[in-house]
Amino acid sequence: MQYDIFAVGDNVADYYPEQKRIYAGGGAYNTAVIGKRLNLKTAYYGAFGTDENAKFMYNTLKKEKVAYPVSDIRKGRNAVSIVEKNSGEANIKAVDKGVYKNLSLNENVLDLIKKSKIVHTNIYSYFEDYLAKLHYQTKLSFDFSYLRNKEYLEEILKKVDIAFFSEARQKEDQTAFIDWALQQGPEVVVLTRGGNSALLKSGQIELEIETQTIKTVDTLGAGDAFISAFLTSLIRDFKPDEPEKYYQLALKKAEQIAAKYCQINGSLGIFADRQEDVIIYNNIHA
């Protein structure tokens with residue numbers, strides 16, 4: 001079966017202590033769910049644990065009607081994070097990866113994944129070793145988030161088609177960085193900048209889309225919503241003879257969907273109450 005988007009990587013139960021609620025999240029997981037909500041045929045691959053949070057995450061995926069064609073259930077704790085909000089700005093304070101520490105994909109699984117129109121993953125997914133096997137077989141989309149490690153970027157950017165970045169935590173020349181990233185090999189580079197405009201470059205095309213002024217409830221997952229909507233627009237609308245027009249359209253739709261998801265709690269608005277606080281045993285976010 002061919003999927004529109006096959007997202008590979010993290011699923012994370014995001015715990016909000018002040019609410020005593022777990023929200024469904026994780027970059028790859030969010031991208032698959034939001035794509036399905038936008039009426040695409042989406043699939044997700046990632047490892048689930050066997051605890052209460054894992055069951056919540058797994059059942060949510062099924063309720064959202066996202067395909068999970070390759071089952072990977074591992075005994076132990078599901079990935080979980082601690083999230084704190086300040087005036088709507090979500091801050092991840094701690095992350096425990098739980099059972100999700102590596103991937104081991106055989107050729108049959110890769111053959112299934114590469115039939116998709118776009119395969120999306122990110123820096124948290126342990127999928128880097130498989131990119132070369134999928135390159136030129138399908139479109140590869142990669143979320144690099146805030147990462148600016150040049151050695152890592154040089155190795156990965158040459159294997160992907162669509163590169164997404166978040167604004168760097170340190171001051172940088174954003175135009176120069178986008179130019180450099182594009183020179184490494186991808187067809188298009190997109191830089192999102194929180195409440196500021198998003199930037200895109202592809203060949204000689206340079207675009208900027210302004211953000212809406214909204215009352216932000218929760219920023220967690222807004223970048224995933226942007227990515228999912230951008231990819232959805234490319235799949236549905238893009239025509240190579242007018243790339244600038246359709247990149248502009250994709251940016252506009254992505255900004256609209258990201259703004260919508262900033263107005264709900266959690267990445268997806270789906271939660272489960274918890275009576276006891278979540279404890280992080282192995283914080284990789286420290």
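The values are calculated or read from the model by the stated rules, or taken from the named source; none is laboratory data. What you are looking at is a predicted structure, and each value in this text was computed from that prediction instead of being measured. All Cβ positions, even for glycine, are placed from backbone atoms using ideal geometry, and neighbour counts span all protein chains on display.
Of the residues screened, K65 is one that is on the phi > 0 side of the Ramachandran plot, out of contact with any Pro (no Cβ under 9 Å at 6 or more places or on another chain) and outside any helix (DSSP H, G or I). For the subset of region 182-209 comprising residues that are out of contact with any Ser or Thr (no Cβ under 7 Å at 6 or more places or on another chain) and among the β-branched types (V, I, T), which member is surrounded by the most Cβ atoms within 10 Å (Cβ to Cβ)? So the residue we want is V190. Entry remark, region 180-229: residues being part of a strand (DSSP E or B), more than 11 Å from E255 (Cα to Cα), touching an Asp or Glu at 6+ places or on another chain (Cβ under 7 Å) and of a type in the set (V, I, T) number 1 in total.
Among what's in region 143-154 and is without any contact (Cβ under 8 Å) to a residue 40 or more places away in the chain and not charged (D, E, K, R), pick the residue that is surrounded by the most Cβ atoms within 10 Å (Cβ to Cβ). Talk me through it step by step, then tell me what you get.
Residues of region 143-154 that are without any contact (Cβ under 8 Å) to a residue 40 or more places away in the chain, as a first pass: 144, 146-154.
Adding the requirement that they be not charged (D, E, K, R) leaves 144, 146-147, 149, 152-153.
On the way: F144: 21, Y146: 11, L147: 16, N149: 11, Y152: 13, L153: 19.
It comes out as F144.
Only one entry in V12, V95 is at pLDDT 95 or above, surrounded by fewer than 24 Cβ atoms within 10 Å (Cβ to Cβ) and either under 18 Å from the mean Cα position of the chain (by Cα) or farther than 20 Å from Y126 by Cβ (or both), namely V95. Would you be able to say whether some residue in region 232-249 is outside any helix (DSSP H, G or I) and either surrounded by 23 or more Cβ atoms within 10 Å (Cβ to Cβ) or in contact with a strand residue (DSSP E or B) (Cβ under 6 Å, 6 or more places away or on another chain) (or both)? No, region 232-249 has no match at all. Restricting attention to region 155-181 and to residues that are polar (S, T, N, Q) and more than 15 Å from G203 (Cα to Cα), the residue that is surrounded by the fewest Cβ atoms within 10 Å (Cβ to Cβ) turns out to be Q170. Exactly one residue among I118, I82 is of a type in the set (V, I, T), modelled with pLDDT of 95 or more and under 16 Å from the mean Cα position of the chain (by Cα), and that residue is I118.
Quick grid of which residues meet (1) touching a residue at least 24 places away in the same chain (Cβ under 8 Å); (2) β-branched (V, I, T); (3) over 19 Å from F271 (Cβ atoms); (4) not in a strand (DSSP E or B):
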site: M1; (1), (2), (3), (4): yes, no, yes, yes
site: A43; (1), (2), (3), (4): yes, no, yes, no
site: T50; (1), (2), (3), (4): yes, yes, yes, yes
site: N59; (1), (2), (3), (4): no, no, no, yes
site: N78; (1), (2), (3), (4): yes, no, no, yes
site: A90; (1), (2), (3), (4): yes, no, no, no
site: L110; (1), (2), (3), (4): yes, no, yes, yes
